[in-house]
Amino acid sequence: MTTEDLIRALTADRCIGRKPRMMLLTALAPAIAFVAILFFSRIGFREDIDDALHTVRFLFKFVVILPLAVVTMGAMIRCADPVLAYGWWARLLPLPLLLLGAGVVAELLVIPQSDWMVRLIGSNAVNCMTLIPLLASGPLAIFIVALKGGAPADPGLSGAMAGLAASGIAASFYAMNCFDDSPLFVVAWYPLAIGAVVLAGYVAGRRVLRW
């Protein structure tokens with residue numbers, strides 16, 4: 001018997017009659033619904049959404065954020081197991097960063113250096129830092145509860161991954177409200193907002209998911 005088999009056997013009683021990964025898959029619907037309801041009832045689209053849909057910078061935000069949400073949700077689902085194994089999801093985790101990096105390089109090449117700082121600071125930093133964590137709060141709580149039904153190998157890391165998945169969903173909606181479309185703004189402020197949720201998830205995971 002391998003070490004991994006032994007760990008799975010020791011956690012069999014904890015997971016008996018339940019399918020932790022299925023619980024997390026089931027949790028995706030209410031998590032997304034929470035964000036959608038909060039977004040459309042309290043925040044809404046930016047005023048020039050029709051024009052924005054025809055711009056490359058606006059659409060590029062989703063080229064980065066949607067893969068982040070999908071990949072991190074897939075990795076989070078694997079976190080419910082007593083043996084940490086992300087599989088091929090681990091190889092996809094750097095993809096959103098690579099895409100964003102390419103966008104930043106392209107932005108630096110096409111705009112004057114005098115505009116770099118203006119694009120980076122933007123005008124929506126406060127909203128970004130508050131609305132993404134706010135929108136992510138519900139999905140994070142839902143994911144933590146679902147993960148508790150499994151046997152996470154690393155509670156802190158599992159909680160952090162739940163925070164990353166939750167903030168990926170939140171950022172996907174928030175980007176439809178954000179007026180700053182420059183990749184420079186995205187690389188400066190979105191990671192800070194997402195990082196706050198990841199940290200909250202890590203702390204919650206350490207406290208709630210221990211077994």
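The table below lists the values:
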| quantity | calculated |
| --- | --- |
| Per DSSP, loop trypsin sites (Lys or Arg not before Pro) in region 126-211 with at most 16 further Cβ within 10 Å | ARG210 |
| Filtered chymotrypsin sites (Phe, Trp or Tyr not before Pro), region 127-192: DSSP coil and at most 16 other beta carbons within 10 Å | PHE179 |
| Accessible surface of PHE40 - all protein chains present, 1.4 Å probe, nearest 10 Å² | 120 |
| Net charge contributed by nearby residues that have their C-beta within less than 13 Å of PHE185 (K/R +1, D/E -1) | -1 |
| Computed over the chain: relative contact order in percent, which uses C-alpha pairs under 8 Å that are six or more apart | 33 |
| Farthest positive-ward along the chain dipole, Cα basis, beta-carbon charges - from ASN124, ALA166, ILE144 | ILE144 |
| Residue of VAL118, VAL71, VAL198 that the Gaussian network model of the chain assigns the largest fluctuation, springs spanning Cα pairs under 10 Å | VAL118 |
| For ILE77, solvent-accessible area (1.4 Å; no DNA, RNA or ligand), Å² | 20 |
| For region 33-112, convex hull of alpha carbons as volume per residue, Å³ | 125 |
| Karplus (6.51, -1.76, 1.60) ³J(HN,Hα), θ = phi - 60°, over region 59-70, in Hz, Gly and Pro reported as x | 5, 5, 4, 7, 5, 8, 6, 5, x, 4, 5, 5 |
| Square roots of 5 times each gyration tensor eigenvalue, C-alpha, region 74-131, largest first, Å | 35, 17, 6 |
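The values are calculated or read from the model by the stated rules, or taken from the named source; none is laboratory data. What you are looking at is a predicted structure, and each value in this text was computed from that prediction instead of being measured. Cβ sites come from the backbone with ideal geometry, for glycine too, and all protein chains shown count toward neighbours. Heads up: the accessible areas ignore ligands, DNA and RNA and are worked out on the full protein's heavy atoms, side chains in. Shrake-Rupley method; radii C 1.70, N 1.55, O 1.52, S 1.80 Å.
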